[in-house]
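Trainee: Please see the structure below; I have some questions.
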């Protein structure tokens, strides 16, 4: 494709005929997998053959699902794309159902026999997944129950799909006016840009426009969210976990101790967030901040109209410290249609990177020429490079790393970008603006995402304790947390209580805490990269190359990050404090 700013999905399938051919191939492979049922106790050879067939099927399923989802997200209103996406959801459900016997059947084999089987050199390729089965035996249900649960996989995703469609295609936000009375359109993509505007009236109007619709539909969204939470809490109970949080952190190769340590350490350091917001209040020269004021860069001195080509070069220059192999692959990403860049009608909002095994990653952006968009490019390409290294090194099963580690790779890139821009700047005012922007990013990730995490923990606990939640109780829970996290420098506007309803990540329960642990880890890792510590970049890339072949906490410890220890978080807050000290001196 000549246009380098759109996906070239022919990299996956050249046409629908190829797509349909793989659909047939996947179903044929599914039948082969079914033939292993009842035979896995025969020994290491049989388990190995089963997993090799399973791995082959994963490659096909990933291609099918990615192709359909990416087509759908380019335009979520097209019936053909919706139909294809629904088709692959059904295919993935059939696939999940077909392989649902594997874990239960292997879990029936004694630990002694499984450990003996792992002595077979062939099975080393699948060592991690078998060791996980041994560790998680008590959470694996009978074959019959696992099969029934797999049949409901598509149904379990209804609340999330309904929420996405409802808020993406059926929400038309009221327009706002600029100082010259020109009408401005409000979209999810433009909302964050408006909140960073120097014009307080623009910020206020955008804030009220956005949350007016969430307020109007709050009861519907509450039902969708509560059904998602109940699905998670019921699953945790059925699978014999202590709680839904225990189930989620176990799936991440994390721990409840990590989650609690994060919240406790952030709580101990809320004074730094309050201090930063107080500085922002002074810079804005207002008696009190409003909640819609906290995202504006009060020291911005340049036109925030960054061309995509300039953004690309900045990212490449900032990440040059990672070495030639890394930056060459980034250039390939830009030149080979890995990214779909601009906001278009009915396109999926937000940004993400999706690795497709055997092809390459695909990045969705909604680029609106803001400085934050440059960080988003670096962030998503961090995910992409993680996928690239893992897919290059590991098989299709082991390449799938947990989000716990994924958010580290993305945020390391953001820290490196911010440091590059700050160090490059010689003008004191512009340097202050950049530091302010980095502090905003850290605050939004470390403090804000932990606030979200605390909200999720409270909601899930209340459901697990049998409490009936309403939109009013959810609003009140969220409002009280905003008050605690924002402190006395802010007026906590009433409409902010609806903010929880526009956070799509809440439908992936206990997802957001990994942004906060991710930036904590990233600060430690990026600091070591920037210090030039010998062989550290190689150690870090080796960590990325492991994919999911090792546990997340084990991988992080290999680069000197221990998320169950207070010291790690103290390093992150010390970094934040030093930047804040630097900013206060500059202004």
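Rule-based calculations on the coordinates, nothing more; no lab input. Because the structure is predicted, anything quoted here is derived from the model rather than measured. All Cβ positions, glycine included, derive from the backbone under ideal geometry; neighbour counts span all protein chains shown.
Trainee: Give me the percent of Cα-Cα pairs in the chain that sit more than 45 Å apart, rounded to a whole number.
Mentor: 15 percent
Trainee: Quote to one decimal, in nm, the extra length available between residue 476 and residue 286 on full extension: 0.36 nm per residue of separation minus the C-alpha distance between them. Each step should come with its number before you reach the end.
Mentor: Values: separation 190, 0.36 × 190 = 68.40 nm, distance 2.68 nm.
Using 0.36 nm per residue and subtracting the Cα-Cα distance, I get 65.7 nm.
Trainee: For the ranges 375-387, 425-437, what's the packing order if you count other beta-carbon atoms within 10 Å of each residue, average per peptide, and put the highest first?
Mentor: 375-387, 425-437
Trainee: By how many degrees, 0 to 90 and rounded to 10, does the Cα axis of helix 270-284 deviate from the longest principal axis of the chain?
Mentor: Taking Cα atoms only, the helix is inclined about 40 degrees.
Trainee: Specify the angular offset, from 0 to 90 degrees and rounded to the nearest 10, of the alpha carbon long axis of helix 158-169 from the longest principal axis of the alpha carbons in the chain.
Mentor: Between the helix axis and the principal axis of the chain, the angle is about 40 degrees.
Trainee: Okay, next question. Just from the alpha-carbon atoms, what are the Rg and Dmax of region 454-587 in angstroms?
Mentor: Cα-based Rg and Dmax for region 454-587 come out at 19.1, 55 Å.
Trainee: Further question on the same structure: Can you give the angle from 0 to 90° between the axis of helix 200-216 and the longest principal axis of the chain, with both taken from C-alpha atoms, to the nearest 10?
Mentor: 40 degrees
Trainee: Given just the C-alpha atoms of region 9-156, how large is their convex hull per residue in cubic angstrom?
Mentor: Each residue corresponds to 119 Å³ of Cα convex hull volume.
Trainee: Under the √(5λ) rule applied to the eigenvalues of the Cα gyration tensor, what semi-axes describe the equivalent ellipsoid of region 6-82? Give them in Å, descending.
Mentor: Working through the eigenvalues yields semi-axes of 33, 11, 11 Å.
Trainee: Using a 10 Å cut-off on Cβ atoms, rank the peptides 405-415, 488-498 from the highest mean neighbour count down.
Mentor: Output ranking for 405-415, 488-498: 405-415, 488-498.
Trainee: Using a simple spin-label model with points 7 Å from Cα along the Cα→Cβ vector, what separation in nm is obtained for residue 148 and residue 305?
Mentor: 6.3 nm
Trainee: Turning to a different aspect of this structure: At residue 578 and residue 78, where each label point lies 7 Å from the Cα along Cα→Cβ, what is the point-to-point distance in nanometres?
Mentor: Reported label-point gap for residue 578 and residue 78 is 4.9 nm.
Trainee: Follow-up. Given 25 °C and 0.890 mPa s, how large is the Stokes-Einstein diffusion coefficient of region 437-520 in µm²/s, with Rh as the Kirkwood radius over Cα pairs?
Mentor: Result for D is 181 µm²/s.
Trainee: Sorted by average packing, counted as other Cβ atoms within 10 angstrom per residue and highest first, what order do 54-60, 458-464, 233-239 take?
Mentor: Output ranking for 54-60, 458-464, 233-239: 54-60, 458-464, 233-239.
Trainee: Under a point spin-label approximation (7 Å from Cα along Cα-to-Cβ), what is the residue 21-residue 122 distance to one decimal in nm?
Mentor: Reported label-point gap for residue 21 and residue 122 is 3.0 nm.
Trainee: Tell me, what is a quarter of the convex hull surface for the C-alpha atoms of region 508-580, in nm² with one decimal?
Mentor: 5.7 nm²
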